[in-house]
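Some notes on the structure that comes next.
The values are calculated or read from the model by the stated rules, or taken from the named source; none is laboratory data. Given the structure is predicted, the values throughout are model-derived calculations rather than measurements. Backbone-built Cβ (ideal geometry, glycine too); neighbour counts: all protein chains shown. Side chains are part of the model used for accessible areas, which takes the heavy atoms of the whole protein and leaves out ligands, DNA and RNA. Shrake-Rupley method; radii C 1.70, N 1.55, O 1.52, S 1.80 Å.
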Amino acid sequence: MSPALAGVLQLTALIAALALAYRPLGDYMAAVYSSPRHLRVEKVIYRCIGANADTQMRWPAYLRGVLAFSLAGVLFLYLIQRLQGHLPLSLGFAAISPDQAFNTAASFVANTNWQSYSGEQAMGHVVQTAGLAVQNFVSAATGMAVAVALVRGFARSRTGELGNFWADLVRGTIRVLIPISIIGALILVACGAIQNFSGIHEVGQFMGGAQQTNGGAVASQEVIKELGTNGGGYFNANSAHPFENPTAFTNLFEIFLILVIPFALTRTFGKLVGNVKQGYAILATMGIIWLGFTALMMWTEFAHGGAALQAAGAAMEGKENRFGVGSSAIFSVATTLTSTGAVDSFHSSFTAFGGGLQLLGMMLGEIAPGGVGSGLYGMLVMAVIAVFIAGLMVGRTPEYLGKKIGTREIKLAACYILITPTLVLGFTAASMVLPDALGSMLNTKAVGAGPHGFSEVLYAFTSGANNNGSAFAGLNANTPWYNTTIGLAMLLGRFLPMVFVLALAGSLAEQQPIPETAGTLRTEKPLFAGLLVGTILIITGLTYFPALALGPLAEGLS
């Protein structure tokens, strides 16, 4: 069987698995977020945190809950990293430096999981499990809560109420993420992933000598790393490490985990607004972009021009030999079109155009299907922009799901789409003029780094501001400049958009629904899905094309 055919068959199997899970999982999540009842364990949690889960919140109160909870998470995670040397099961590792502790705390709370450290050489078991793994759950649940709040904004009328943040957070964690994670962890352990609290020990090598390695609760963290579109691995090699990703089956299973909730949330959206066809339109938009990127990535990595690539049969540099080019390409697209950032291959070693596709996937806003929760609310904001453009073209007041898209709504949507490019391009520009920042580029020198060195810096801030977490690993990001600026990009790129999303949700929830007329744009039709795809590509292209031309396009054409 040719490698290309193997990749196509794996993609077909993945699509089939996602299709099977789409309806039951989407319906289940709709039931979770609309249920009036609380589980016993949830009631205990509400009492412990002093929350009244039955209180309906308007958008400022909902936002305060999101920010207060996230701030507490940053402080707690920063603290246990700084105290690591005094904690049990620290494996002898010292406390994390202040700038790196801030970067890591910001990263995991923002659902980015950018890592400027090697996990097996820096973090003990307590920090990994009580700190990083816990944030993998609650940061994902926070994104889902904000997405559900925006959906309620479309579904409700004349109330301004978006639900209760604490109830949404707890339900997303207890009823959705934990049950799937338990099943997924058992599957990974059965397939060879490790799950222990062993210390550091030496392992012999085939070519002689030995190397040190340590164990950990890897399988349980691996599953939520992918399911919650987090991405931070227990080991520096991430999902290319056999302790995290032992076989070709687990590799495909992990890709499934990355995509299953973001895609299924479109079904949840359709159920909650009372029109599943609207969910299918959003699903179609996400699916078209994802399949298009996957096909392009497989083509560019199998198009083996040059003697070395022809001898290997494909662009094998940086690919995991156990999985091959096809599987690595599928994983790469899944992780950069979502806010996951996990890798089973070396993104910096992809072809120039392949690396450009990875960058472009993040620059779209990671909405196809995007992160857990963040992909859905990002796509819905783009839908608001699309109906506004359609309204301008036909001379009608734009409306979406029975709600008018007026001046206030379009200003909030515009602010949402401007935040990330401002962070990415601003921090990248600053890094290109500072000698210390330039010194972190490939070969540690600005001179000779060329377009690929620029791509490394652009990728780092694109990954951070879009809450992805993957990297062009030739960049030494463990410096005070990059730890601080990428940390700020992650926090601002996560929480500033949430401000505008929740404000938009509140504005929509206050409106009276508008009845459909003969002139209403049918947003459940293929025509609208095509308009939405075009809107996304045009907005991204106009924003980022100059930067892409200086990096991956210049490298690929040189």
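In whole Å and largest first, what semi-axes does the C-alpha gyration tensor of the chain yield when each eigenvalue is scaled by 5 and square-rooted? It would help to have the intermediate numbers written out before the result.
Working: eigenvalues 246, 158, 106 Å².
In descending order, the three semi-axes are 35, 28, 23 Å.
Determine the gain in length on full extension of the stretch Leu75-Thr422; use 0.36 nm per residue of separation and subtract their C-alpha separation, reporting nm with one decimal. The partial results should precede the final answer.
Details: separation 347, 0.36 × 347 = 124.92 nm, distance 2.64 nm.
Gain on stretching Leu75 to Thr422: 122.3 nm.
With only alpha-carbon atoms counted, please give the Rg and Dmax of region 336-408, in Å.
Final numbers for Rg and Dmax: 16.6, 49 Å.
Taking only the Cα atoms of region 1-56, how large is their convex hull per residue, in Å³?
Residue-normalised Cα hull volume stands at 142 Å³.
Which whole number of Å³ per residue matches the convex hull of the alpha-carbon atoms in region 1-108?
Working: hull volume 27.2 nm³, N = 108.
That works out to 252 Å³ per residue.
Longest segment of the chain with no GluC sites (Glu not before Pro) in a DSSP loop having at most 14 other Cβ atoms within 10 Å? Could you put the intermediate results ahead of the total?
Numbers: sites that count: Glu317, Glu516.
Looking at the chain, 1-316 is the longest stretch - no exposed GluC sites (Glu not before Pro) with at most 14 other Cβ atoms within 10 Å.
Specify the inter-centroid distance of region 13-65 and region 120-180, based on alpha-carbon positions, in whole Å.
Between the Cα centre of region 13-65 and that of region 120-180, the gap is 8 Å.
Quickly rank 488-498, 377-387 as a protection proxy: mean count of other C-beta atoms within 10 Å, highest first. Show your work: numbers first, answer last.
Details: 488-498: 23.4, 377-387: 25.6.
Put in order of decreasing packing, that is 377-387, 488-498.
Just want to confirm a number: the relative contact order over region 212-308, from Cα pairs under 8 angstrom separated by 6+ residues, in percent. Mind showing how you got there, number by number?
Values: 56 pairs, mean separation 16.5, N = 97.
Relative contact order of region 212-308: 17 percent.
Would you calculate the separation in nanometres between label points at Phe249 and Leu89, each defined as 7 Å from the Cα along the Cα-to-beta-carbon direction?
Rounded to a tenth, the inter-label distance reads 2.8 nm.
For the chain, what is the accessible area per residue in Å² when the probe is 1.4 Å? Don't jump to the answer; show the numbers that get you there.
Details: 21120 Å² over 558 residues.
Accessible area per residue: 38 Å².
Which of the chymotrypsin sites (Phe, Trp or Tyr not before Pro) found in region 104-213 are in a DSSP loop and have at most 16 neighbouring Cβ atoms, other than their own, within 10 Å?
On the way: sites: Phe108, Trp114, Tyr117, Phe137, Phe154, Phe165, Trp166, Phe197, Phe206; in loops: Trp114, Tyr117, Phe197, Phe206.
Within region 104-213, the qualifying chymotrypsin sites (Phe, Trp or Tyr not before Pro) (loop, at most 16 other Cβ atoms within 10 Å) are Phe197, Phe206.
Please report how many Lys pairs in the chain have alpha carbons closer than 21 angstrom, counting only residues at least 8 apart along the chain or sitting on separate chains.
Lysine pairs satisfying the spacing and distance rule in the chain number 10.
How big is region 320-476 on each of its three principal axes, counting only the C-alpha atoms and giving the largest first in Å?
Each principal axis gives a Cα extent; for region 320-476 these are 55, 40, 24 Å.
Based on alpha-carbon atoms only, what is the radius of gyration of region 461-558 relative to the globular estimate 2.2 N^0.38 Å?
1.56
Quick one: compute the contact order of the chain, relative version, from alpha carbon pairs under 8 angstrom and 6+ residues apart, as a percent.
Reported relative contact order: 20 percent.
Taking the Cα atoms of region 390-444 alone, what are Rg (to one decimal) and Dmax (as a whole number) in Å?
Cα-based Rg and Dmax for region 390-444 come out at 19.7, 56 Å.
Over all directions, average the projected area of the Cα convex hull of region 141-266 and note it in nm².
Numbers: hull surface 37.1 nm².
The directionally averaged projection comes out at 9.3 nm².
Considering only protein heavy atoms and a probe of 1.4 Å, how much of the accessible area of the chain is carbon and sulfur, as a whole percent? The partial results should precede the final answer.
On the way: 14140 of 21120 Å².
It is 67 percent, rounded to a whole number.
In whole Å and largest first, what semi-axes does the C-alpha gyration tensor of region 104-174 yield when each eigenvalue is scaled by 5 and square-rooted? The partial results should precede the final answer.
Numbers: eigenvalues 215, 27, 9 Å².
Taking √(5λ) for each eigenvalue gives 33, 12, 7 Å, largest first.
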